[in-house]
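Here's the structure we're looking at; comments come further down.
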Amino acid sequence: MSYTIALAGNPNCGKTTLFNDLTGSRQRVGNWPGVTVDKKEGTYKKDKGINIMDLPGTYSLSPYSAEEIIARDYIVKEKPDAVIDIVDGTSIERNLYLTLQILETGVPTVIALNMMDEVEARGDKIGAEKLSEIFGVPVVPIVARNGKGILELMAEAVEVAKGKKTPKKLPVFDEKLQGTIDDAKKLLDDAGETDSQWKAIKLLENDENIAGQVTEELKKRVGEVAEKAYGSGADLEAAVADQRYQYIAKVVKDAVKKGTTGHVETKSDKLDKILTNRILALPIFAVVMYLLFACTNSENFLFLGINSPGIWLAGIVESIWGWLTDLVAGLVGGASPWVYSLVVDGIMEGLGAILGFIPLVLVLYILISFLEDCGYMARIAFVLDRIFRRFGLSGRSFIPLLQGFGCSVPAVMATRTLESEKDRKITTILAGFMPCGAKLPIFALFVSTLFVDSNQTLVTYSLYIFSIVVAIIVSLLLNKFVYKDGASNFIMELPQYRIPTLKSILIHGWEKVKGFAVKAGTVIFVSTILIWFLSGFNFDSFNGTNAAESEDGSVMCEMNDSFMASIGNVIAPIFKPLGFGEWRPAVGVVTGWIAKENVVVTFAQLYDEDVTDEYLEEYFAQYSSEELEELGFEDGEYDAEAAGDIYSEGVLFEGGDENALPHMKDDIKTKAAAYAYMVFNLLCMPCFAAVGAMKRELKTWKETGKAVAVQMVTAYVVALLVNVVGGLFL
Amino acid sequence: MTLKEMKPGQSGKVVSIGESGPLKRRIMDMGITPGVDVKVIKVAPLGDPVEINVRGYELSLRKEEAARIEVQA
């Protein structure tokens with residue numbers, strides 16, 4: 001016999017830990033339809049016939065947030081065989097509030113009293129038997145962190161599921177309210193509604209979600225019942241909540257013995273005094289953020305001159321991949337040139353782009369889930385709320401935006417930590433505006449060649465400020481016009497600090513990496529191949545002309561003659577108002593979507609009249625043999641074949657040649673236009689890898705398209721302003 | 001007085017919640033109901049929000065919301 005058992009409970013009650021304990025690594029993570037809330041399912045590791053469903057953590061079953069609607073719809077409509085309600089023994093009153101609502105639905109229930117070790121350490125005693133007697137359902141004390149009591153819990157849950165034991169009705173409400181509920185229930189019964197008891201309470205609570213599910217007539221008559229008992233305009237909603245808490249207070253008095261009375265300072269409180277201290281909070285926060293950044297993106301980890309764990313791992317993956325690519329290249333060496341190019345420049349490059357991000361994502365997620373699970377993330381929001389509220393965001397938006405300075409992919413993925421869907425959507429868009437590492441070579445090339453007589457540091461620095469100012473303005477506009485109706489309050493639990501278990505952090509990190517590789521990976525892979533095709537082919541590829549003309553019989557062509565060049569010609573006029581309406585800068589924008597540094601690589605290929613063999617030989621002649629070796633020439637000897645790549649990636653990326661690409665000036669004539677070009681690349685759609693991550697977080701192509709559209713329009717408008725206004729001054 | 005006017009370390013009993021709709025519901029769901037004891041723990045370093053202890057756990061809310069909660073010291 002197979003059963004489905006759902007886990008319900010408050011956020012931070014140890015639900016995820018219990019879920020991981022029960023299912024081990026046998027879990028599937030998806031999303032609830034229509035919302036970006038994790039849907040986690042797994043099978044019990046001791047009995048494959050038992051499905052475990054992890055419901056979102058909620059404080060109540062009122063329709064306040066997407067999480068609450070999901071949890072209650074699942075319990076009421078899908079009717080699991082049993083619900084395990086996890087109660088955090090250290091804040092039992094608030095946790096039992098949800099318990100009462102779960103019992104109200106009539107679903108077979110077992111209560112798991114969690115964190116019993118902490119309860120004991122406080123000197124409190126919770127009478128599980130007494131609670132079981134009061135509620136009429138099994139109550140099992142557990143410690144999810146070390147697995148204590150879990151076998152007993154599951155045994156009880158299976159028992160309850162087998163027996164389909166519906167909990168008894170509890171004397172929660174006073175006579176008058178219960179009478180009104182009974183009257184309403186009778187109306188619902190007569191109308192043939194199921195779950196009438198539960199729906200009666202919800203209708204009296206003015207629950208819009210349930211009100212929408214019954215007939216107008218029924219709604220009216222329930223309204224009349226309430227009015228008869230309480231008069232018009234009565235606040236039954238408050239009365240229901242109030243009486244539930246009053247009932248809980250009585251239960252707690254009977255079943256819980258507090259070791260001390262009143263508010264006692266715990267270790268967590270002492271720690272919190274330092275971490276959210278008036279003076280120390282912001283400096284400590286800055287250090288934590290620095291460490292987070294240093295561990296993922298930094299190439300100078302903690303000023304030690306070594307790479308961060310993220311970059312270090314990425315380097316290893318890249319060199320293994322490079323070795324594998326060479327191996328594969330050797331295998332397909334005999335194939336026709338286009339097959340070779342498809343395998344090496346298309347498929348291997350595309351897969352490599354995905355693999356290169358995986359170490360970053362892994363390291364970031366392990367760190368973020370640590371911050372989240374230990375309780376510090378809630379404090380970050382507490383400390384920064386004041387600043388971010390002004391821009392229509394929450395304090396937690398800081399982490400994704402900061403990550404954006406390193407790489408948009410982990411930045412977009414970090415938006416997961418935001419609680420409101422509105423914040424998530426806006427922050428996802430803003431993360432793409434940040435000057436990520438790959439955009440720096442574009443700035444370096446432009447600033448070194450087109451701003452020769454300006455203060456170059458200031459020009460580069462101004463782009464950073466620019467991205468922040470644009471992000472703030474766009475956030476305000478989106479709040480005002482696009483995502484108007486998002487709950488904007490800050491009623492948030494500050495959970496006790498706890499050291500999370502290594503197991504749960506690793507499971508968490510692994511899940512995210514898997515999700516990234518599959519979902520974002522597809523987008524990256526497909527788009528890389530598409531751009532490869534557009535850049536290497538034209539119509540002559542298919543009528544034999546290319547094959548006849550080329551030495552090696554290749555059907556491929558140079559980028560200058562490719563479909564990409566034609567596309568560049570077609571879209572170039574769009575960029576005319578921005579000051580760079582020529583085909584080559586336009587192609588640069590498009591290839592920049594594979595990876596932003598590609599803009600520079602593409603320029604080096606397209607302005608080939610400036611990057612001739614003679615020019616390269618002459619340029620590199622100024623360097624000594626040691627310098628050449630440092631730039632990447634083997635044994636410090638000039639090598640004409642390697643010179644092209646070294647010139648674009650070693651010299652242009654760093655802005656090393658101020659005379660580079662003189663013909664670029666024919667296309668981008670003024671400083672205003674050059675600045676507009678940098679701004680456009682800074683703000684427009686990020687690379688496909690980031691778009692893949694956006695798709696993963698925003699779920700639908702429609703939302704992803706909307707986000708990309710906002711980025712494109714922003715980039716266009718801002719670059720236009722830069723070109724027009726800048727043209728007056730520069 | 002309101003919860004907003006209370007200083008860190010001060011305790012009081014909630015008298016009423018001058019909100020309506022979903023926000024009031026949320027406040028009550030989190031355990032702030034008439035008659036409950038609340039204690040202000042601290043104010044965030046930038047002056048807002050505030051942290052209170054209610055029903056044995058810590059809750060943060062903005063001053064704007066705290067101003068709608070009437071308390072008796």
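Between the listed residues A:Leu494, A:Thr714, A:Ser648, the Cα displaced farthest toward the positive end of the dipole of chain A, a dipole computed from Cβ unit charges relative to the Cα centre, is found at A:Leu494. Rg and Dmax of the protein assembly as shown, based on Cα coordinates, read 30.9, 97 Å.
State to the nearest 20 debye the size of the charge dipole of chain A about its Cα centre, where the only charges are +1 on K and R beta carbons and -1 on D and E beta carbons.
Dipole size: approximately 4580 debye.
Extension gain for the segment A:Lys186 to A:Ile316, taken as residue separation times 0.36 nm less the Cα-Cα distance, is 39.9 nm to one decimal.
Before I look further, what does region A:478-579 give for accessible area per residue, probe 1.4 Å, in whole square angstrom? Please report the intermediate quantities before stating the final value.
Numbers: 5270 Å² over 102 residues.
Heavy-atom SASA per residue in region A:478-579 reads 52 Å².
Could you tell me which of the pairs A:Lys77/A:Lys706; A:Lys503/B:Lys7; A:Lys270/B:Lys7; A:Lys77/A:Lys186; A:Lys79/A:Lys125 are separated by over 30 angstrom between their Cα atoms in the structure shown? Let's see the in-between values first.
Details: A:Lys77/A:Lys706 32 Å; A:Lys503/B:Lys7 41 Å; A:Lys270/B:Lys7 19 Å; A:Lys77/A:Lys186 21 Å; A:Lys79/A:Lys125 33 Å.
With Cα atoms farther than 30 Å apart: A:Lys77/A:Lys706; A:Lys503/B:Lys7; A:Lys79/A:Lys125.
What are the trypsin sites (Lys or Arg not before Pro) within region A:458-522 that DSSP puts in a loop, where the Cβ has at most 15 other Cβ atoms within 10 Å?
Numbers: sites: A:Lys480, A:Lys484, A:Arg498, A:Lys503, A:Lys512, A:Lys514, A:Lys519; in loops: A:Lys484, A:Arg498.
Qualifying residues, ordered by number: A:Lys484.
Placing A:Asp47, A:Asp453 in order of accessible area, with the largest value first and a 1.4 Å probe, yields A:Asp453, A:Asp47.
Using a/c under 1.5 as the rounded threshold, could you call region A:3-163 rounded, prolate or oblate? The axes a ≥ b ≥ c are square roots of the C-alpha gyration tensor eigenvalues, and prolate needs a/b larger than b/c, oblate otherwise.
On the way: a/c = 1.41, a/b = 1.24, b/c = 1.14.
Rounded, because the longest to shortest axis ratio a/c is under 1.5.
The phi-based Karplus calculation (6.51 cos²θ - 1.76 cosθ + 1.60; θ = phi - 60°) puts the 3J(HN,Hα) values of region A:364-381 at 4, 5, 5, 5, 5, 5, 5, 4, 5, 6, 7, x, 6, 4, 4, 5, 4, 4 Hz, whole numbers, x for Gly and Pro.
Average accessible surface for region A:4-74: 32 Å² per residue, computed with a 1.4 Å probe over protein heavy atoms with every protein chain in place. Between 0 and 90 degrees, rounded to the nearest ten: what's the tilt of helix A:502-515 against the longest Cα principal axis of chain A? Around 50 degrees separate the two axes. Every Cα-Cα pair of region A:175-257 was included, and the share exceeding 19 Å stands at 38 percent.
Give the relative contact order (percent, whole number) for region A:3-163; include only Cα pairs under 8 Å separated by 6+ residues. Write down the numbers at each step before the final one.
Details: 312 pairs, mean separation 38.0, N = 161.
Normalised by residue count, the contact order of region A:3-163 is 24 percent.
Taking amide H as placed 1.01 Å from N in the peptide plane, A:Val37 has its amide H under 5 Å from the amide H of A:Trp32, each at least 5 places away in sequence or on another chain.
Can you give the net charge of the other residues whose Cβ lies under 9 Å from the Cβ of A:Leu188, counting K and R as +1 and D and E as -1? All intermediate terms of the calculation are to be shown ahead of the outcome.
Values: positive: A:Lys185, A:Lys186, A:Lys199; negative: A:Asp189, A:Asp190, A:Glu193, A:Asp195.
Result for the neighbourhood of A:Leu188: -1.
Counting protein heavy atoms only, the protein assembly as shown has 58 percent of its accessible area on carbon and sulfur, 1.4 angstrom probe. For region A:227-375, the Cβ-based charge dipole about the Cα centre amounts to some 940 debye (Lys, Arg positive; Asp, Glu negative; other atoms uncharged). Remark on A:Glu493: its backbone amide H falls under 5 Å from those of B:Ser60, a criterion applied only to residues 5 or more positions apart or on other chains, H modelled at 1.01 Å from N. Taking Cα atoms only, the orientation of helix A:688-698 departs from the longest principal axis of chain A by about 10 degrees. Using heavy atoms of the protein chains and a probe of 1.4 Å, the accessible area assigned to B:Arg26 is about 30 Å².
Once the Cα atoms of helix A:701-729 and of chain A are each reduced to a long axis, what angle between those two axes, in degrees from 0 to 90 to the nearest 10, is obtained? Between helix and principal axis, roughly 50 degrees. Within the shell of other residues whose beta carbon sits under 12 angstrom from the beta carbon of A:Arg498, the net charge comes to -3, with Lys and Arg scored +1 and Asp and Glu -1. Enclosing the Cα atoms of region A:17-86 in their convex hull gives a volume equal to 97 cubic angstrom per residue. Probe 1.4 Å, all protein chains in place: accessible area of A:Thr260 in Å², nearest 10? Accessible area of A:Thr260: about 60 Å².
How large is the helix-only mean residue ellipticity at 222 nm for chain A, computed as the sum of -39500 (n - 2.57) over DSSP H runs with n ≥ 4, divided by its residue count, in deg cm²/dmol to the nearest 500? Intermediate results must be reported in sequence, preceding the final value.
Values: 35 runs with 415 residues, N = 730.
The helix contribution divided over chain A gives -17500 deg cm²/dmol.
Across region A:95-109, rounded Karplus estimates of 3J(HN,Hα) from the backbone phi angles (6.51 cos²θ - 1.76 cosθ + 1.60, θ = phi - 60°) give 5, 5, 4, 5, 3, 4, 5, 5, 4, 4, 6, x, 7, x, 10 Hz, Gly and Pro being marked x. In region A:381-422, comparing the full protein assembly with the chain on its own, the residues that lose 10 Å² or more of accessible surface at a 1.4 Å probe are A:Phe382, A:Val383, A:Asp385, A:Arg386, A:Ile387, A:Arg389.
Using the scaling law 2.2 N^0.38 Å as the reference, what is the normalised Cα Rg of chain B? List each step's numbers first, then the result.
Working: Rg = 10.8 Å, N = 73, 2.2 N^0.38 = 11.2 Å.
Computed over Cα atoms of chain B, the ratio equals 0.96.
Residues A:Arg424, A:Arg221, ordered by accessible area of protein heavy atoms at a 1.4 angstrom probe radius and largest first, appear as A:Arg221, A:Arg424.
Can you give me the relative contact order of chain B as a percent, contacts being Cα pairs under 8 Å and 6 or more apart?
Working: 138 pairs, mean separation 32.9, N = 73.
Once divided by the residue count of chain B, the mean separation gives 45 percent.
Summing +1 for each Lys or Arg and -1 for each Asp or Glu among the other residues whose beta-carbon sits under 11 angstrom from that of A:Ser369 gives -1. Using a cutoff of 8 angstrom between alpha carbon atoms and counting only pairs six or more residues apart, the relative contact order for region A:175-257 works out to 27 percent.
Per-residue accessible area (protein heavy atoms, 1.4 Å probe) orders A:Lys702, A:Lys46, B:Lys4 as A:Lys702, A:Lys46, B:Lys4, starting from the largest.
Between A and B, roughly 3500 Å² of accessible area is buried in total, ligands, DNA and RNA not counted and the probe set to 1.4 Å. Close amide H partners of A:Ile86, meaning residues 5 or more places away or on another chain with modelled amide H under 5 Å apart, are A:Ala8, A:Gly9, A:Ala112.
Taking all protein chains as shown and a probe of 1.4 angstrom, A:Ser648 keeps an accessible surface of around 10 Å².
The values are calculated or read from the model by the stated rules, or taken from the named source; none is laboratory data. For clarity, every value in this text was computed on a predicted model and none was experimentally measured. Note: ideal-geometry Cβ built from the backbone for every residue, glycine included; neighbour counts use all protein chains shown. The protein model used for the area step is the full one, side chains on, heavy atoms only, and it has no ligands, DNA or RNA in it. Shrake-Rupley method; radii C 1.70, N 1.55, O 1.52, S 1.80 Å.
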